[in-house]
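Student: Can you keep this structure in mind? I'll have questions shortly.
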Amino acid sequence: MSAQAETFGFQAEISQLLDLIINTFYSNKSIFLRELISNASDALDKIRYQSLTDPSQLDTEKELFIRITPDKENKLLRIRDTGIGMTKADLVNNLGTIAKSGTKAFMEALSAGGDVSMIGQFGVGFYSAYLVAERVQVVSKHNDDEQYIWESAAGGTFTITPDTDGEPLGRGSELRLYLKEDQLEYLEEKKIKEIVKKHSEFISYPIQLVVTKEVEKVGEKFYILPGFES
């Protein structure tokens with residue numbers, strides 16, 4: 001039996017921001033990947049910092065990495081990190097109910113002719129996922145809490161559900177972007193490599209890309225993007 005989902009309303013400014021992101025035409029949508037990788041790197045920094053004083057924090061997952069998995073069959077792009085993860089309260093507060101001071105400032109910058117690529121400077125880079133996705137899930141596991149799923153197709157609300165059936169993450173977060181029909185190019189291996197090479201050169205953790213080589217019948221393998229070896 002599925003766990004019970006709780007529904008929350010987005011704070012008004014965040015709803016406005018999402019409307020703006022979804023309904024305005026932007027040519028450089030690819031910045032979403034830079035933003036989500038940057039957030040993953042921040043989460044890894046946090047757990048690494050905690051582990052300096054408490055090494056047991058890493059017991060739930062020793063390796064620190066970012067993993068990108070395109071799933072063409074389901075039009076789904078997964079971005080996984082083994083960072084600090086989010087508690088249920090973190091998911092509710094950080095992804096929807098408490099507007100960061102940068103939310104309004106970013107919208108004002110856009111109105112004044114600013115570019116969507118500035119989104120990360122205002123601390124709201126997560127919402128750039130909606131440049132390419134019609135629905136987003138965030139599965140997260142923090143050492144101090146159970147595993148939860150945050151989900152929203154924008155539209156004013158999001159849900160939080162205990163993840164009782166999913167694969168245990170151990171620790172960290174996995175973003176699942178259900179891509180819009182006209183954004184499926186972001187499932188292409190070549191496109192992902194190109195964006196990561198251009199935007200995420202200075203990330204200090206290995207960025208893995210899961211590729212499926214159908215011809216060789218070897219199933220899935222990890223490809224560490226050049227220059228991102230640990």
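Student: Which whole-number percent is the relative contact order of region 1-153 (Cα, under 8 Å, 6+ apart)?
Tutor: Values: 176 pairs, mean separation 45.4, N = 153.
30 percent.
Student: Rounded if a/c is under 1.5, else prolate if a/b is larger than b/c, else oblate: which is region 79-160, with a ≥ b ≥ c the root eigenvalues of its Cα gyration tensor?
Tutor: Prolate.
Student: If R₀ is 30 angstrom, what is the calculated FRET efficiency for the pair Lys46 and Ser101, using the beta carbon separation as r and rounding to 0.05? Spell out each step's value before the answer.
Tutor: Values: r = 20 Å, r/R0 = 0.67.
Approximately 0.90, to the nearest 0.05.
Student: Relative contact order for region 61-125: what percent, with Cα pairs under 8 Å and sequence separation of 6 or more?
Tutor: This gives 22 percent for region 61-125.
Student: May I pose another question? Given a cut-off of 12 Å, what percent of all Cα-Cα pairs of region 143-205 lie beyond it?
Tutor: Percentage above 12 Å: 79.
Student: Report the relative contact order of region 1-85, percent, no decimals, based on alpha-carbon pairs under 8 angstrom and at least 6 residues apart.
Tutor: Details: 61 pairs, mean separation 23.4, N = 85.
It comes to 27 percent, rounded to a whole number.
Student: Nearest 5 percent is fine: what portion of the DSSP beta bridges confined to the chain is antiparallel?
Tutor: Antiparallel bridges make up about 95 percent of those DSSP assigns within the chain.
Student: Then there's this: Mind jotting down a quarter of the surface of the convex hull over the alpha carbons of the chain, in square nanometres, one decimal?
Tutor: 13.4
Student: I've got another one for you. In Å, the Kirkwood hydrodynamic radius of region 30-143 over pairs of distinct alpha carbons?
Tutor: Taking the inverse mean of 1/r over all distinct Cα pairs, region 30-143 comes out at 15.5 Å.
Student: Let me ask you something else. Return the single residue from Asp19, Asp115, Asp165 with maximal mean-square fluctuation; model: Gaussian network over the chain, springs between Cα atoms under 10 Å.
Tutor: Highest fluctuation among the options: Asp165.
Student: Excluding Gly83 itself, what net charge comes from residues whose Cβ is under 9 Å from its Cβ, given Lys and Arg +1 and Asp and Glu -1?
Tutor: Working: positive: Lys46, Arg48, Arg171; negative: Asp42, Asp45, Asp81.
Net local charge, Gly83 excluded: 0.
Student: Around Gln4, under 15 Å between beta carbons, what's the net of Lys plus Arg minus Asp minus Glu among the other residues?
Tutor: -4
Values quoted throughout were computed directly from the atomic coordinates according to the rules given, and no laboratory measurement underlies them. All values reported here derive from a predicted model rather than from experimental measurement. Glycine also receives a Cβ, built like all others from the backbone with ideal geometry; neighbour counts cover every protein chain displayed.
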